[in-house]
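First up is the structure itself, then whatever we jot down about it.
The values are calculated or read from the model by the stated rules, or taken from the named source; none is laboratory data. Since this is a predicted model, take the numbers as computed values, not measurements. Only protein heavy atoms, including side chains, enter the accessible area calculation; ligands, DNA and RNA are left aside. Shrake-Rupley method; radii C 1.70, N 1.55, O 1.52, S 1.80 Å.
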Amino acid sequence: MGATTIGALVGGAIDSMSGDDSAADGALIGAITANVLKVVVPIAITYAVGWTVLRGAGELKDKVFGEVA
């Protein structure tokens, strides 16, 4: 199953627990959320790794060449 399908199933299940008449709106919100997360999570992880590497490279440069004022 794809992430969109799983998101729709989870969203529908959560929405149906509230006792509303239909779980379709929860399924729609779950599917949209899954698609947004498929884009946002890799970007956030890439940014975090890049920031960490850049920070580590700066500290390594300071240790090798001395801190520049």
So if each residue of separation counts as 0.36 nm, and I subtract the Cα-Cα distance between S22 and I43, what length gain in nm does that give?
4.2 nm
Please compute the per residue accessible area over the chain with all protein chains in place, 1.4 Å probe, rounded to a whole number of Å².
79
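When the accessible area of the chain is split by element with a 1.4 Å probe, what percent falls to carbon and sulfur?
The computed percentage sits at 72.
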Mind checking which of G50, G11, G26 has the largest fluctuation in a GNM of the chain, springs on alpha carbons under 10 Å?
G50
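Looking at the P(r) of the chain, how many percent of alpha-carbon pairs lie beyond 20 Å?
Across the chain, Cα pairs with separations above 20 Å total 55 percent.
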Accessible area (Å², 1.4 Å probe, nearest 10) - I45:
100
